[in-house]
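Notes for the one structure printed next.
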């Protein structure tokens, strides 16, 4: 209120749509707004619709049987396991795998939510207990949701490729588009493809956003935010590569 009693409004916060747009064009502004509001429903809705769109495109353009067969071709251990089964056991095993892939795909919005909650918890705990920050879990969870938005581009390209890209027999659910080196080496060993696939352009974009947003929301230095985000990413890459080498 000023000297003559007139109420002066403070700066208006961003709307959900403005924050989504700013994540791509002005991320600093978007992440500063998280300190005002931790609303995250819009990015989640967009990601849920995108993942379901990919699921529907796969079902109509590829088929889950083909998806499973492609994954088996890329896993020597699964090929060996299936080769040792009787025809009846093989049919039952394949049916179970196809059903499992299909259910997981349609449950992807729930899985995205659960994974985001866990990832945000790990980052929140690391920032607060590792660096002494005082950020709230809701802020980190909201940040994760917005930093995941670049993956919408991967989903969009995947749908376009499936619907208009012609031959879909070699479609790889784990690496659907050529945004990482692993996509271009389909005959490489599984662990190497996993390693190369970790250096995904869209994924690195999301990592950079997390570093920028982490520094703003947790109120720490950029170097500290980078150490937290990149440190967890490296650990996940190492575990993924080791697991793939052990079980593929």
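When residues in region 181-211 are screened for being modelled with pLDDT under 95, surrounded by fewer than 19 Cβ atoms within 10 Å (Cβ to Cβ) and either under 28 Å from residue 146 (Cβ atoms) or touching a strand residue (DSSP E or B) at 6+ places or on another chain (Cβ under 8 Å) (or both), 1 of them pass. If you go through region 158-180 and keep only what is more than 19 Å from residue 73 (Cα to Cα) and touching a residue at least 12 places away in the same chain (Cβ under 8 Å), you end up with 158, 159, 161, 162, 163, 179, 180.
Consider region 212-243 and keep the residues that are under 15 Å from residue 120 (Cβ atoms) and within 16 Å of the chain's Cα centre (by Cα). The one that is surrounded by the most Cβ atoms within 10 Å (Cβ to Cβ) is 229. For the condition closer than 30 Å to residue 34 by Cα and without any contact (Cβ under 8 Å) to a residue 24 or more places away in the chain, residue 199 qualifies. Take the residues in region 125-157 that are more than 19 Å from the chain's Cα centre (by Cα) and in a loop (DSSP other than H, G, I, E, B), then tell me which one is nearest to residue 229 (Cα to Cα). Residue satisfying both the conditions and the ranking: 131.
Can residue 108 be described as touching a residue at least 40 places away in the same chain (Cβ under 8 Å) and under 26 Å from residue 54 (Cβ atoms)? Yes.
So how many residues does region 117-140 have that are surrounded by 19 or more Cβ atoms within 10 Å (Cβ to Cβ) and in contact (Cβ under 8 Å) with a residue 24 or more places away in the chain? Please lay out each step first, then the result.
Our first condition is that a residue be surrounded by 19 or more Cβ atoms within 10 Å (Cβ to Cβ); within region 117-140, this holds for 120, 123-124, 126-127, 133, 135, 139-140.
Keeping just the survivors that are in contact (Cβ under 8 Å) with a residue 24 or more places away in the chain gives 120, 123, 126-127, 133, 135, 139-140.
Of the residues in region 117-140, 8 are surrounded by 19 or more Cβ atoms within 10 Å (Cβ to Cβ) and in contact (Cβ under 8 Å) with a residue 24 or more places away in the chain.
Any residue at all in region 139-152 that's more than 20 Å from residue 22 (Cβ to Cβ) and at pLDDT 95 or above? No, because not a single residue in region 139-152 is more than 20 Å from residue 22 (Cβ to Cβ) and at pLDDT 95 or above. The residues of region 158-193 that are assigned to a helix (DSSP H, G or I) and closer than 25 Å to residue 241 by Cβ, listed by number, are 158, 181, 182, 183, 184, 190, 191, 192, 193.
The values are calculated or read from the model by the stated rules, or taken from the named source; none is laboratory data. Keep in mind it's a predicted model, so treat the numbers as computed, not measured. Reconstructed Cβ throughout: ideal geometry from the backbone, glycine too, with neighbour counts over all protein chains shown.
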